[in-house]
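Engineer: Below you'll find the structure I mean.
The values are calculated or read from the model by the stated rules, or taken from the named source; none is laboratory data. This is a predicted model, so every value here is computed, not measured. Don't worry about glycine lacking a Cβ; one is built from the backbone with ideal geometry, like all the others, and counts go over all protein chains shown. Accessible surface is based on the protein model in full, side chains and every heavy atom, while ligands, DNA and RNA are left aside. Shrake-Rupley method; radii C 1.70, N 1.55, O 1.52, S 1.80 Å.
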Amino acid sequence: MHIFAEKAGMTRRQFLKGSGLLAVTVIVSGIFAKIGIDAFAAGDNYIAQRAAGLYSLDEKMALRKSHENPEIIEIYREFLSPGEEKYLSAKAHHLLHTKYGKNIPAFIEELKAPGQNENSHEAA
Amino acid sequence: MSTAVLNNGVIHVSDQCKACDHCTSICPTGAIQGRLGEKHHIEIRKCINCGQCLINCPFGAIDDFSMVNERIRKALDNPHQFVVVQEAPAVRVALGEEFGLAPGTNVKNKMYAALRKLGFDKVYDTEFAADLTITEEGTELIHRVFNALGVPGFEHAGPLPQFTSCCPAWVKYAEDNYPQILPHISTAKSPQQMFGAVSKTYLAEKLSLDPGTIYSVSVMPCTAKKYECDRPEFIASGYKDVDAVMTTRELAQMIKTAGIDFVNLPDERADQFIGSSTGAATIFGVTGGVMEAALRTAYEVLSGEALGKVDFQAVRGLDPVREAVVEVPVKALGGKTLPVSVCIVTGTRYVAPIIEDVLADRSNYHFIEVMNCPGGCINGGGQPIRRDTY
Ligand code: SF4
Ligand code: SF4
Ligand code: SF4
């Protein structure tokens, strides 16, 4: 038992890597200053390797900003805010936003009220 | 709709428990009960379904509730159901591990091919919905900032700082322990749930399908996503928005059971309309990624200028709590520079002091990202288990 606990503890420590709990980086001259070192390049544990995998995928993508995705532009122009690209439109609010905690029961009633949308609620 | 998950939770300790007590040190909420030498059990009320205990149990004694046989296979076998699937960013850099590839290997295009072979009618991507999350959640943040600055017309926006909302384990933790903080959590649904709502409305229109015949499945690095999909409020489409969730491990198992030679599959692409994505969506799977994706869009919207370099190195890293300040010139304020102060938390156990500061009005942050799992969703409770690390 002791051995397992020791080794699993290692994983956690490896993850924390002896760095301070709070890493602070202040960028004064905008985002163009490259201050952070690549924390993943030398990573030999699987968490760092998976992270490096995602960052290298990001770098290879033709588009790297969400609002430039042509299918995002299309869903706003055709469906969420017809004719324009308006984030937080009424339809976007209805389909893409939610409520939490004690506000949920009333929210469910609201969603089930007739006229909320043309679909049925058979599965709900 | 099944209420099993809501009532009993997703994660259970099996009879294989060797009572080593390791999981109690892993659990971020103190939900695991039991003394050394005693079979452990999970207190459902406190559990946030994150599965960190599961991937860290040295004896494989913890299981997650499976929707594969009862829901997903039945839908795939039903000729009247049009089964669509989405996959989270973190899945594509870990699925390969189950087939002998190194961690971090991108298998996105083979994953699409495998899902088609498994019988899914259309294969899309959660990353599309991650991009949609950014346009909605990023705009919500800008509105909250304008409200705080007293810009007229934004009085109805919520308070600052804004917390991210895409991690259902973090959301449940906040609901269970800090109800006063909930107005600070973005109202934007998680990418999984946005995808579900869109798949039964917009996609149904695009494909001229009766939305009632669409069955929406997701592949997630996460066990809490199973709980999230069964939450009763996710019915905005008029149906259950996401019908079932499987983990990265369960997808690997389905691929193996079907006898698919995964590593030799041809590269395929996701289907049209809700399948394309940007690099901003890809990094949702790693801690700091949602923050960086939001900053890329918020910077351009607020400044009216195109970003030259999109990498925000300052928010990257694996430390459990990180903060950064990004200077953003704001067009609406005549080009005045706004120092946007952000914080990234990876590991729910570290979030309480940050919440306490917000509630005591001591916090200067504008935006706080919280991911339950150490490192982000790449290390989620549904990911391949790395026994080699013990
Ligand atoms: S880590 Fe696994 S074996 Fe050890 S007490 Fe927890 S459930 Fe039991
Ligand atoms: S799933 Fe997460 S919250 Fe629940 S018992 Fe396991 S570690 Fe704790
Ligand atoms: S960090 Fe990601 S994988 Fe972990 S519980 Fe949250 S959403 Fe799920």
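Engineer: Looking only at region B:61-76, count how many residues are more than 24 Å from the chain's Cα centre (by Cα) and within 14 Å of chain A (Cβ to nearest Cβ).
Structural biologist: Residues in region B:61-76 being more than 24 Å from the chain's Cα centre (by Cα) and within 14 Å of chain A (Cβ to nearest Cβ): 1 in total.
Engineer: Hey, among the residues in region B:146-171 that are crowded, with 24+ Cβ neighbours inside 10 Å and part of a helix (DSSP H, G or I), which one's farthest from the other protein chains (Cβ to nearest Cβ)? Working first, answer last.
Structural biologist: From region B:146-171, those crowded, with 24+ Cβ neighbours inside 10 Å are B:162-171; that's our starting set.
Now restrict to residues that are part of a helix (DSSP H, G or I): B:168-171.
On the way: B:P168: 11, B:A169: 14, B:W170: 11, B:V171: 7 Å.
Top of the filtered list is B:A169.
Engineer: Please go through (1) touching a Cys at 6+ places or on another chain (Cβ under 8 Å); (2) open to solvent by 10 Å² or more (accessible area, probe 1.4 Å); (3) more than 11 Å from chain A (Cβ to nearest Cβ); (4) more than 11 Å from ligand 2 (Cβ to nearest atom) for B:L36 and return the number of the only condition it doesn't satisfy.
Structural biologist: For B:L36, the failing item is (3).
Engineer: Say we look at region B:365-378 and pick out the residues that are of a type outside the set (A, V, I, L, M), within 9 Å of another protein chain (Cβ to nearest Cβ) and open to solvent by less than 10 Å² (accessible area, probe 1.4 Å); which of these is farthest from A:A48 (Cα to Cα)?
Structural biologist: Among them, the one singled out is B:G376.
This table checks each residue for (1) hydroxyl-bearing (S, T, Y); (2) open to solvent by 20 Å² or more (accessible area, probe 1.4 Å); (3) more than 27 Å from B:F312 (Cβ to Cβ); (4) at pLDDT 95 or above.
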residue	(1), (2), (3), (4)
A:A5	no, yes, yes, no
A:M10	no, yes, yes, no
A:L21	no, yes, no, no
A:F32	no, yes, no, no
A:I37	no, yes, no, no
A:A41	no, yes, no, no
A:Y76	yes, no, no, yes
A:F79	no, no, yes, yes
A:L88	no, yes, no, yes
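Engineer: Are any residues in region A:71-98 at the interface with another protein chain (Cβ under 7 Å from one of its Cβ atoms) and over 15 Å from B:G196 (Cα atoms), and if so, which ones?
Structural biologist: A:E71, A:I72, A:F79, A:Y87, A:L88
Engineer: Within region B:240-258, identify whether any single residue is without any contact (Cβ under 8 Å) to a residue 40 or more places away in the chain and in a loop (DSSP other than H, G, I, E, B), and answer yes or no.
Structural biologist: Checking region B:240-258: not a single residue is without any contact (Cβ under 8 Å) to a residue 40 or more places away in the chain and in a loop (DSSP other than H, G, I, E, B).
Engineer: Quick check: is even one residue across region B:107-119 within 14 Å of chain A (Cβ to nearest Cβ) and outside any helix (DSSP H, G or I)?
Structural biologist: There is at least one residue in region B:107-119 that is within 14 Å of chain A (Cβ to nearest Cβ) and outside any helix (DSSP H, G or I).
Engineer: Could you tell me whether B:E70 is more than 9 Å from ligand 1 (Cβ to nearest atom), open to solvent by less than 70 Å² (accessible area, probe 1.4 Å) and either in contact with a strand residue (DSSP E or B) (Cβ under 6 Å, 6 or more places away or on another chain) or of a type outside the set (S, T, N, Q) (or both)?
Structural biologist: Spelling it out, it is not the case that B:E70 is more than 9 Å from ligand 1 (Cβ to nearest atom), open to solvent by less than 70 Å² (accessible area, probe 1.4 Å) and either in contact with a strand residue (DSSP E or B) (Cβ under 6 Å, 6 or more places away or on another chain) or of a type outside the set (S, T, N, Q) (or both).
Engineer: Considering only residues that are assigned to a strand (DSSP E or B) and in contact with a His (Cβ under 6 Å, 6 or more places away or on another chain), which ones fall in region B:15-73?
Structural biologist: Within region B:15-73, B:I32, B:Q33, B:D63 qualify.
Engineer: Tell me which helices (runs of 4 or more DSSP H) are completely within region B:272-364 and hold 1 or more residues being touching a Ser or Thr at 6+ places or on another chain (Cβ under 8 Å), touching a residue at least 12 places away in the same chain (Cβ under 8 Å) and open to solvent by 10 Å² or more (accessible area, probe 1.4 Å), or say none if there are none. Reasoning before the result, please.
Structural biologist: Details: elements: B:279-282, B:289-303, B:352-359.
In region B:272-364, the matching helices (runs of 4 or more DSSP H) lie at B:289-303, B:352-359.
Engineer: Output the number of the condition that A:L63 fails; it satisfies all remaining conditions of (1) part of a loop (DSSP other than H, G, I, E, B); (2) open to solvent by less than 20 Å² (accessible area, probe 1.4 Å).
Structural biologist: Going through (1) part of a loop (DSSP other than H, G, I, E, B); (2) open to solvent by less than 20 Å² (accessible area, probe 1.4 Å) one by one, A:L63 breaks only (2).
Engineer: Quick one: which of B:A88, B:A113, B:A94 is under 28 Å from B:T3 (Cβ atoms), modelled with pLDDT of 95 or more and of a type outside the set (D, E)? Full working, then the answer.
Structural biologist: Details: B:A113 fails: under 28 Å from B:T3 (Cβ atoms); B:A94 fails: under 28 Å from B:T3 (Cβ atoms).
Exactly one residue qualifies, and that residue is B:A88.
Engineer: Restricting to region B:8-33, what's the tally of residues that are open to solvent by 30 Å² or more (accessible area, probe 1.4 Å), without any contact (Cβ under 8 Å) to a residue 24 or more places away in the chain and closer than 30 Å to B:D241 by Cβ?
Structural biologist: 0
Engineer: Return the total of residues in region B:338-363 being over 16 Å from B:Y173 (Cβ atoms) and either within 16 Å of ligand 1 (Cβ to nearest atom) or touching a helix residue (DSSP H, G or I) at 6+ places or on another chain (Cβ under 9 Å) (or both).
Structural biologist: 7
Engineer: Quick one: how many residues across region B:78-102 are over 18 Å from A:K60 (Cβ atoms) and either without any contact (Cβ under 8 Å) to a residue 12 or more places away in the chain or of a type in the set (S, T, N, Q) (or both)?
Structural biologist: 4
Engineer: Still on this structure, please answer the following. Return the residues of region B:255-280 that are small (G, A, S) and assigned by TED's automatic domain parsing to the domain that holds B:L95; say none if nothing qualifies. Can you show your working first?
Structural biologist: Of region B:255-280, the ones small (G, A, S) are B:258-259, B:270, B:275-277, B:279-280.
Of everything in region B:255-280, those that are small (G, A, S) and assigned by TED's automatic domain parsing to the domain that holds B:L95 turn out to be B:A258, B:G259.
Engineer: If you don't mind, there's one more thing I want to ask. Whether any residue in region B:248-268 is away from chain A (no Cβ under 14 Å), open to solvent by 10 Å² or more (accessible area, probe 1.4 Å) and among the hydroxyl-bearing types (S, T, Y) is what I want to check.
Structural biologist: Yes; the residues of region B:248-268 include at least one that is away from chain A (no Cβ under 14 Å), open to solvent by 10 Å² or more (accessible area, probe 1.4 Å) and among the hydroxyl-bearing types (S, T, Y).
Engineer: Looking at B:N49, B:N56, can you tell me which residue is open to solvent by 10 Å² or more (accessible area, probe 1.4 Å), within 16 Å of ligand 3 (Cβ to nearest atom) and of a type outside the set (A, V, I, L, M)?
Structural biologist: Result: B:N56 is the single residue among B:N49, B:N56 that is open to solvent by 10 Å² or more (accessible area, probe 1.4 Å), within 16 Å of ligand 3 (Cβ to nearest atom) and of a type outside the set (A, V, I, L, M).
Engineer: Out of region B:213-226, which residues are within 14 Å of chain A (Cβ to nearest Cβ) and not in a loop (DSSP other than H, G, I, E, B)?
Structural biologist: Correct list: B:T213, B:I214, B:Y215, B:S216.
Engineer: Let me ask you something else. Give the number of residues within region B:169-185 that are away from ligand 3 (no atom under 14 Å from the Cβ) and touching a strand residue (DSSP E or B) at 6+ places or on another chain (Cβ under 6 Å).
Structural biologist: Residues meeting the conditions: 1.
Engineer: Under the condition of being of a type in the set (S, T, Y), buried (at least 23 other Cβ atoms within 10 Å of the Cβ) and within 17 Å of B:D271 (Cα to Cα), which residue from region B:191-227 is nearest to ligand 2 (Cβ to nearest atom)?
Structural biologist: By that ranking, first place goes to B:S218.
Engineer: Can you find, within region B:187-203, the residue that is nearest to B:S165 (Cα to Cα) among those that are within 10 Å of chain A (Cβ to nearest Cβ) and more than 14 Å from the chain's Cα centre (by Cα)?
Structural biologist: B:T187
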